[in-house]
1. For the stretch 88-111, which positions are assigned to a loop (DSSP other than H, G, I, E, B) and more than 10 Å from residue 47 (Cβ to Cβ)?
2. If residue 135 passes every condition in (1) in contact with a helix residue (DSSP H, G or I) (Cβ under 8 Å, 6 or more places away or on another chain); (2) surrounded by fewer than 14 Cβ atoms within 10 Å (Cβ to Cβ); (3) modelled with pLDDT of 95 or more; (4) assigned to a helix (DSSP H, G or I) but one, which one does it miss?
3. Can you pull out every residue in the stretch 83-92 that is out of contact with any strand residue (DSSP E or B) (no Cβ under 7 Å at 6 or more places or on another chain) and buried (at least 17 other Cβ atoms within 10 Å of the Cβ)?
4. In the stretch 96-124, how many are out of contact with any strand residue (DSSP E or B) (no Cβ under 8 Å at 6 or more places or on another chain), at pLDDT below 95 and loosely packed, with under 15 Cβ neighbours inside 10 Å?
5. Which members of the stretch 68-78 meet the condition of being part of a loop (DSSP other than H, G, I, E, B) and surrounded by 13 or more Cβ atoms within 10 Å (Cβ to Cβ)?
6. Can you pull out the residues in the stretch 43-89 that are under 12 Å from residue 122 (Cα atoms) and touching a helix residue (DSSP H, G or I) at 6+ places or on another chain (Cβ under 9 Å)?
């Protein structure tokens, strides 16, 4: 990975505004995941896994809802959705990440487990979810303490500069 690539990945990560933090069980139900939902400057929705109560490794990169929806749409119609559906978006990443993201999507009502099929899911159009995210975005929710602190610091600096002038 070149320095340019590292910088780009770092910038992409810092440009997401966290609008929701939540927890959910893994698909097996044995562990608890902490995940974040964020948005970018265009209000596109992203998911990332932040923590796992168990030992499973995962990647903390953001994954866009639009890319996941495309992967679901590209999946064979006669096949149910599994964690393998998202693998193409996570090449070279921890194999647990796709299952953990799927667990978060299930918790948010974007996928549902098929009756009698613990590892097989179906996509559900996220109308209610998107309405909830739109409200959070419109309200200016920002749950990232680092960005909130930075924003407060910039305001304080601006006020001090104006008083000095």
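The values are calculated or read from the model by the stated rules, or taken from the named source; none is laboratory data. Model, not experiment: these values are computed from the prediction. Neighbour counts are summed over all protein chains in view; Cβ atoms, including those assigned to glycine, are modelled from backbone coordinates with ideal geometry.
1. Step one: list which residues in the stretch 88-111 are assigned to a loop (DSSP other than H, G, I, E, B), which gives 91-95, 108-110.
Once the filter is applied, which keeps residues that are assigned to a loop (DSSP other than H, G, I, E, B) and more than 10 Å from residue 47 (Cβ to Cβ), the stretch 88-111 yields 91, 92, 93, 94, 95, 109.
2. (1)
3. Step one: of the stretch 83-92, the residues out of contact with any strand residue (DSSP E or B) (no Cβ under 7 Å at 6 or more places or on another chain) are 83-88, 90-92.
83, 85, 86, 90 - these are the residues of the stretch 83-92 that are out of contact with any strand residue (DSSP E or B) (no Cβ under 7 Å at 6 or more places or on another chain) and buried (at least 17 other Cβ atoms within 10 Å of the Cβ).
4. 4
5. Quick first cut of the stretch 68-78, residues part of a loop (DSSP other than H, G, I, E, B) only: 75-78.
Result: 75, single match.
6. 72, 75, 79, 81, 82, 83, 85
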